[in-house]
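Participant: Please find one structure pasted underneath; my questions will follow.
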Amino acid sequence: PIEFIALPEVVDDINAWNGDGLYYYEDVLNCISINKTDHVKIGNLELHLINNKTHRGNMTFYVILEGTKKAVYACCDVKPFIPNEWYFDADLLILGLVSDDGILKDGSKLEDAPFKEDMFTMDELMEIKRRYRIKRVVITHIDEYWGKSYAYYQELEKSLDGIFFAYDGMVMEL
């Protein structure tokens, strides 16, 4: 079986939403093994699971450590960004849902969008980077709302300090 690693409250949420589906995969199909935890060590890697509980429920951010290197992966439902000591001095933060200028692909403005409270502005992102002393940030989920070309983001990167826009197949060295 594949080890399924998740916070206990996240496992409970998934099962509540899906009729105990995880337990079915574990107990009947025997294809997963559920590990309810907030920390696991896999070889030289340490993985810390942090609950970034929002109005949508329990959301997991991952802090990945290898030696002195640290990455934080916060891809979905990132706002509010609940403070946590684990985020300080990360080499890399991978974060989803950031608006570069607040203009959506259909020409409407973020301020008019029903999901505006779920997205960071570039200024808010810069404050997170500064506050937590994060060296580099990679922004994901950039084309889903904005409809802008990657060439646009490459040009924008030139004006930003340590902020990059993700693309399929991207590799970041720590």
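The values are calculated or read from the model by the stated rules, or taken from the named source; none is laboratory data. Since this is a predicted model, take the numbers as computed values, not measurements. Virtual Cβ from ideal backbone geometry, glycine too; neighbours counted across all protein chains shown. With ligands, DNA and RNA removed, areas are computed over all heavy atoms of the protein, side chains included. Shrake-Rupley method; radii C 1.70, N 1.55, O 1.52, S 1.80 Å.
Participant: When you scan the range 32-60, how many residues do you find that are open to solvent by less than 90 Å² (accessible area, probe 1.4 Å), outside any strand (DSSP E or B), modelled with pLDDT of 95 or more and out of contact with any helix residue (DSSP H, G or I) (no Cβ under 9 Å at 6 or more places or on another chain)?
Facilitator: Number of matching residues: 1.
Participant: Which one is most open to solvent (accessible area, probe 1.4 Å) among residues in the range 133-174 that are part of a loop (DSSP other than H, G, I, E, B) and within 15 Å of Thr121 (Cα to Cα)?
Facilitator: Looking at residues that are part of a loop (DSSP other than H, G, I, E, B) and within 15 Å of Thr121 (Cα to Cα), I get His141.
Participant: Still on this structure, I have one more. Could you please tell me which pairs satisfy a Cβ distance under 8 Å, a separation of 6+ or placement on different chains, a first residue in the range 149-174 that is closer than 17 Å to Leu93 by Cα, and a second residue that is among the polar types (S, T, N, Q) and surrounded by 10 or more Cβ atoms within 10 Å (Cβ to Cβ)?
Facilitator: Final answer for the pair search is Phe165/Gln154; Ala166/Thr140.
Participant: Are any residues in the range 120-162 in contact with an Asp or Glu (Cβ under 9 Å, 6 or more places away or on another chain), farther than 24 Å from Val63 by Cα and not aliphatic (A, V, I, L, M), and if so, which ones?
Facilitator: Passing the criteria: Trp146, Gly147, Lys148, Ser149, Tyr150, Tyr152, Tyr153.
Participant: Testing Leu125 on (1) without any contact (Cβ under 8 Å) to a residue 24 or more places away in the chain; (2) outside any loop (DSSP other than H, G, I, E, B), one condition comes back false. Which one is that?
Facilitator: (1)
Participant: Still on this model: Tell me, which residue of the range 70-92 that is assigned to a strand (DSSP E or B) and out of contact with any helix residue (DSSP H, G or I) (no Cβ under 7 Å at 6 or more places or on another chain) is most open to solvent (accessible area, probe 1.4 Å)?
Facilitator: Checking each candidate, the answer is Tyr73.
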